[in-house]
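Just below is one structure, and these are the notes that go with it.
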Amino acid sequence: MATVTGAGTSMSDAPAEAPLERVMVIYAHPDDPEFFSGGLLARFAADGKEIIYVLATSGDKGTDDPDITPQQLASMREAEQRAAAKCLNVETVVFLRYPDGELMPTLGLRRDLTRLIRQFKPDIVVTNDPQTYITRMGSINHPDHRAIGDATLSAIYPTARDRHNMVELWRDEGLEPHKVRRVYLSGTLNPNMRLIISDVLETKITAILEHRSQIKDREALIKRMRESLDTEFDDQPLYTESYRVLNLK
């Protein structure tokens, strides 16, 4: 597995092409971008890349409070996500507002993602690995995480790339095909890149803390994250995130 200190570091199998400048982050719920990829996104922001967030749901089921309605929670979580995005210099946040907990890799979801990929034309897409059913910690991966990864990969290839897939997007909406050049899959059981995020850990924590509705004990969370050192590094304490990186032809 390659270990790199910065997200802009060249991969050994990456073609020598134009810089990858625009990033689309596609996740299921508010707070997924920061928890899964806060370090990577902080590095992308520091490198001056343009970052677009796409959230398939607004997290309207993410509470055990019987006194809050799903509509109230969705509004709260959208505001929290926008605040967290600003910590990472992200200005564009798109909510598709699918029902939380019911996400499926349908053609409708793939069409919505294909439309956004063709509109924004990202060089890089960050999403969940749809193959992860059981996480590395031995817990069940949320089905929405699997669904969004599945739909996103299908949107990237072949649908966004090939003109006659969902031809109505080109014929009726004027959206030309677009080829994504690199994909970062988070939450993967098969990483091929470990990213050192020690110098941006506090930025990641700051962004996560904006999700107030999801954090019952802020100090415990901060302590846990600061203690989550990568044990594979014996000579120095380092914080990392791991990804399955796909370089697309």
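The values are calculated or read from the model by the stated rules, or taken from the named source; none is laboratory data. Just so it is clear, the structure is predicted and the values come from calculations on it, not from any experiment. Positions of Cβ are backbone-derived with ideal geometry, glycine not excepted, and every protein chain shown enters the neighbour counts.
Any residue in segment 137-158 that's over 16 Å from residue 190 (Cβ atoms): show its pairings with residues that are in a helix (DSSP H, G or I) and basic (Lys, Arg) at Cβ separation under 7 Å, as long as the two are six or more apart or on different chains. As it stands, the answer is 151/110; 154/110; 155/110, since those pairs meet every condition given. Tell me yes or no: at least one residue of segment 106-123 is part of a strand (DSSP E or B), touching a residue at least 24 places away in the same chain (Cβ under 8 Å) and under 29 Å from residue 167 (Cβ atoms). No, there is no match, as no residue in segment 106-123 is part of a strand (DSSP E or B), touching a residue at least 24 places away in the same chain (Cβ under 8 Å) and under 29 Å from residue 167 (Cβ atoms). Out of all the residues in segment 45-61, is one or more part of a loop (DSSP other than H, G, I, E, B), of a type outside the set (Gly, Ala, Ser), in contact (Cβ under 8 Å) with a residue 40 or more places away in the chain and under 21 Å from residue 151 (Cβ atoms)? Yes - at least one qualifying residue is present in segment 45-61. Please verify whether residue 127 is part of a loop (DSSP other than H, G, I, E, B), modelled with pLDDT of 95 or more and among the β-branched types (Val, Ile, Thr), treating the condition exactly as stated. Considered against the rule, which asks whether it is part of a loop (DSSP other than H, G, I, E, B), modelled with pLDDT of 95 or more and among the β-branched types (Val, Ile, Thr), residue 127 comes out as no.
The residues in segment 109-135 that are more than 20 Å from residue 186 (Cβ to Cβ) and of a type in the set (Ser, Thr, Tyr) can be counted, and the count is 1. Would you confirm, using the coordinates I've provided, whether residue 213 is within 15 Å of residue 34 (Cα to Cα) and touching a Ser or Thr at 6+ places or on another chain (Cβ under 6 Å)? No.
Highlighted here are the helices (runs of 4 or more DSSP H) found entirely within segment 140-249 that include at least 3 residues which are at pLDDT 95 or above and closer than 23 Å to residue 122 by Cα: 143-154, 167-171. Residue 118 meets all of the listed conditions (1) surrounded by fewer than 21 Cβ atoms within 10 Å (Cβ to Cβ); (2) over 16 Å from the mean Cα position of the chain (by Cα); (3) farther than 19 Å from residue 29 by Cβ but one, namely (1).
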